[in-house]
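Below is one structure; the comments refer to it alone.
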């Protein structure tokens, strides 16, 4: 088994993943990985437990986070790696994100109740193991309450971007996020750029201090991977990659252990 690879994009129950941090590390070890990064949405709550599990198994765990950011009103995701998790400013921002996510989930519940859907905020909290609440937890609550059959139906009927219960995320400018990650000693990488990222937006991020591009991702075909690798080389950016594993989607198991990059 070749233990020379790392998956730099995974999620746990601390945000919207299905596995606990410890279980995720065990899965990475079983898959033959040398290292894994825990990159939950807007929280680093799972990093310590993952690192403890990694120390026991001999697998390195890179501290990470996936931040939701905006450029000219559109949402993108930045992956931050290697931050000082005790940095006061960084922790203050994460606490703000936690509160904003909870408020957003409450607003979605209010919209659903106005539509005649009987659901409470406690129902949503019951679906979340961590503190980074999101639409997937509201969707799971709708399934558990019997209002829809699947999370996909919840998004199609209520929670999608054009749905009657949709609430947009608070704006967090990408420039501020880049500064936040750098000030905490980390590097910032654009996640899955093939998701609607125009060249103009990519160049804007590079001009504002982007450190790298996630070139390897399940949503990228070979041509996209080559394209973003060429940009990374041209602008001397880091190249990263990962499975974006959540454990909640049909494609996750096949992607885990396959979408990796060399670990140096």
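The values are calculated or read from the model by the stated rules, or taken from the named source; none is laboratory data. Everything numeric in this text was worked out from a predicted model, so none of it was measured. Positions of Cβ are backbone-derived with ideal geometry, glycine not excepted, and every protein chain shown enters the neighbour counts.
Among the residues of the range 167-185, which ones are crowded, with 20+ Cβ neighbours inside 10 Å and at pLDDT 95 or above? Full working, then the answer.
Within the range 167-185, the subset crowded, with 20+ Cβ neighbours inside 10 Å is 172, 174, 177-178, 180-181, 184.
Listed by number, the residues that qualify are 174, 177, 178, 180, 181, 184.
Scan the range 62-75 for residues that are under 17 Å from the mean Cα position of the chain (by Cα) and either over 25 Å from residue 21 (Cβ atoms) or at pLDDT below 95 (or both) and jot them down. Walk me through how you get there before you give the answer.
Within the range 62-75, the subset under 17 Å from the mean Cα position of the chain (by Cα) is 62-70, 74-75.
Once the filter is applied, which keeps residues that are under 17 Å from the mean Cα position of the chain (by Cα) and either over 25 Å from residue 21 (Cβ atoms) or at pLDDT below 95 (or both), the range 62-75 yields 68, 70, 74, 75.
Scan the range 177-192 residue by residue and report those that are touching a residue at least 40 places away in the same chain (Cβ under 8 Å) and outside any strand (DSSP E or B).
In the first step, residues of the range 177-192 are kept if they are touching a residue at least 40 places away in the same chain (Cβ under 8 Å); the result is 177-178, 180-181, 183-192.
Correct list: 177, 178, 180, 181, 183, 184, 185, 186, 191, 192.
Report yes if some residue within the range 11-32 is within 15 Å of residue 172 (Cα to Cα), touching a residue at least 12 places away in the same chain (Cβ under 8 Å) and touching a strand residue (DSSP E or B) at 6+ places or on another chain (Cβ under 8 Å); otherwise report no.
Residues of the range 11-32 within 15 Å of residue 172 (Cα to Cα): none.
Checking the range 11-32: not a single residue is within 15 Å of residue 172 (Cα to Cα), touching a residue at least 12 places away in the same chain (Cβ under 8 Å) and touching a strand residue (DSSP E or B) at 6+ places or on another chain (Cβ under 8 Å).
Which of the residues spanning the range 239-259 are in a loop (DSSP other than H, G, I, E, B), touching a strand residue (DSSP E or B) at 6+ places or on another chain (Cβ under 7 Å) and more than 19 Å from residue 77 (Cα to Cα)?
Answer for the range 239-259, where residues must be in a loop (DSSP other than H, G, I, E, B), touching a strand residue (DSSP E or B) at 6+ places or on another chain (Cβ under 7 Å) and more than 19 Å from residue 77 (Cα to Cα): just 256.
Here are the criteria: (1) at pLDDT 95 or above; (2) over 24 Å from residue 19 (Cβ atoms); (3) under 20 Å from the mean Cα position of the chain (by Cα); (4) assigned to a loop (DSSP other than H, G, I, E, B). Tell me which single one residue 164 does not satisfy.
Result: residue 164 passes all but (3).
Out of curiosity, is residue 217 farther than 19 Å from residue 26 by Cα, in contact (Cβ under 8 Å) with a residue 60 or more places away in the chain, out of contact with any strand residue (DSSP E or B) (no Cβ under 6 Å at 6 or more places or on another chain) and in the same structural domain as residue 37 (by TED's automatic domain parsing)?
The answer is yes for residue 217.
Do you know which residues across the range 196-214 are in a loop (DSSP other than H, G, I, E, B), without any contact (Cβ under 8 Å) to a residue 60 or more places away in the chain and loosely packed, with under 14 Cβ neighbours inside 10 Å?
198
Mind checking which residues of the range 113-143 are over 12 Å from residue 154 (Cβ atoms) and in a loop (DSSP other than H, G, I, E, B)? Write out each step before concluding.
Initial filter on the range 113-143 (over 12 Å from residue 154 (Cβ atoms)): 113-116, 118, 120-123, 125-126, 128-134.
If the condition is that a residue be over 12 Å from residue 154 (Cβ atoms) and in a loop (DSSP other than H, G, I, E, B), then 115, 116, 118, 120, 126, 128, 129, 130, 131, 132, 133, 134 are the ones that fit.
Based on what the data block shows, is residue 236 in a loop (DSSP other than H, G, I, E, B) and modelled with pLDDT of 95 or more?
yes
If you take just the strands (runs of 3 or more DSSP E) that sit entirely in the range 1-112, which of them hold at least 3 residues that are surrounded by fewer than 21 Cβ atoms within 10 Å (Cβ to Cβ)?
Values: elements: 5-7, 35-38, 60-71, 74-81.
Correct list: 60-71, 74-81.
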